[in-house]
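Taken together, the values in this text are just the output of simple stated rules run on the coordinates, not laboratory data. Bear in mind the structure is a predicted one, so any value in this text is a computation, not a measurement. Here the Cβ positions follow ideal geometry from the backbone for every residue, glycine too, while neighbour counts run over all protein chains shown.
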Amino acid sequence: MARINYPTDIKEQTVLLDNIKAKFDADGADSPIAEMLISKGIDLDDDIATGKIALEKNNLFFWYEKSSHLICQKRNKLIKPIMKHTRGIFQFLKKLYTLNFKIVGYWGASITNTGKIKYPKSAREKMELIISINEKNDSYDKTPSPLLPFLIQNKMDLEAEVINAEKAIALDEELFFANSNSNIAREQRDHIWAKPLLHLHDIGNFLKSLFRDDSQELGVYGYVVVEDKKVEKERTVSIAWGTNKLGLRARVGSILQNTGITDLYLYKGKGILGAAILLKANTEIILAKGYSIFSIKNLSSTDFGQFTYFPV
């Protein structure tokens with residue numbers, strides 16, 4: 001059975017709308033979709049004008065998204081060496097205070113009763129660790145700091161580390177606003193474009209029923225008609241740090257795989273509500289009943305996530 005392969009990219013969708021309008025204008029009063037447009041309250045000129053606004057929001061979305069990538073790269077470039085040095089410092093302090101390792105906590109670390117140091121996940125909290133270390137180190141004004149031998153041996157300048165940490169924190173704030181603006185632009189684009197996109201499907205379905213014996217006639221309007229059976233195809237999705245993918249559709253019993261390097265959280269339905277299922281990196285689950293519509297959240301503050309599934 002023939003089906004319409006609707007474009008998923010908004011730019012291609014606006015091109016399809018332009019093609020429909022051109023065919024409609026060429027047919028004039030004899031257009032087979034004239035009465036259908038009236039009955040549905042569809043104004044193609046209004047939809048085209050709306051499409052231009054939606055495209056502006058789409059361009060803004062991609063601009064902010066690109067900015068987010070660049071800011072994240074700059075931030076992470078600062079964070080990586082600082083965290084390497086921070087871990088080295090705490091390992092040194094643990095060995096120094098072997099008999100009373102809890103003292104390490106006075107340097108800003110969170111340490112368990114078994115002596116395991118728990119490092120924070122957020123970029124800001126990671127950078128605040130090196131700032132705490134520097135403050136504690138400076139508090140030894142009358143006696144030498146116990147950290148001094150390590151700093152000398154490793155040629156480490158804590159003041160310089162703090163400067164870079166503060167730069168990373170500032171970049172993290174920039175990243176938050178870039179991500180927020182990106183999400184706002186995307187939501188505005190989707191909201192603005194929702195009705196014209198629905199109209200594209202309404203017109204396509206009408207033409208398909210009109211030309212039921214010759215579905216290729218839809219090609220004149222710009223629609224792509226596929227005669228062969230739709231093949232189930234795996235889809236790979238990237239998900240930015242601290243963001244969500246909402247309302248994804250998949251077949252119950254199909255596989256959802258976390259193919260990225262960070263843990264993801266799976267929610268039932270169209271939103272981030274209720275209990276979540278932890279999907280650790282490089283693991284997979286079979287989507288159970290109730291998860292034909294699902295949402296994914298990436299709680300990492302530094303890493304992109306990635307997952308694959310079979311959409312329907």
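In this rough spin-label picture, where each label sits 7 Å from Cα along the Cβ direction, the Glu35-Arg124 distance is 6.2 nm.
When the Cα atoms of region 8-227 are aligned to their principal axes, the ranges along those axes come out at 95, 31, 25 Å in descending order. Where only DSSP H runs of four or more residues are counted, the chain gives -17500 deg cm²/dmol as its mean residue ellipticity at 222 nm, each run worth -39500 (n - 2.57). Placing a pseudo-label 7 Å from each Cα along the Cα-to-Cβ vector at Arg3 and Lys77 gives an inter-label distance of 4.5 nm.
Figure the gain on full extension for Lys289 and Lys102 (residue separation times 0.36 nm, minus the Cα-Cα span) and round it to one decimal in nm. Each step should come with its number before you reach the end.
On the way: separation 187, 0.36 × 187 = 67.32 nm, distance 4.75 nm.
Fully extending the segment from Lys289 to Lys102 adds 62.6 nm.
The simple Förster model, with R0 at 25 Å and r as the Cβ-Cβ distance, assigns Glu234 and Ala276 a FRET efficiency of 0.60. Extension gain, Asp46 to Lys116: 0.36 nm times the residue separation minus the Cα-Cα distance gives 19.0 nm. For region 169-207 versus region 116-156, the spacing of their alpha-carbon centroids is 44 Å. Computed from phi, the 3J(HN,Hα) profile of region 32-41 under the Karplus parametrisation 6.51, -1.76, 1.60 (θ = phi - 60°) reads x, 9, 4, 5, 4, 4, 5, 5, 8, x Hz, with x in place of Gly and Pro. Distance between the modelled labels on Ser209 and Thr143, one decimal in nanometres: 8.7 nm (7 Å Cα→Cβ projection).
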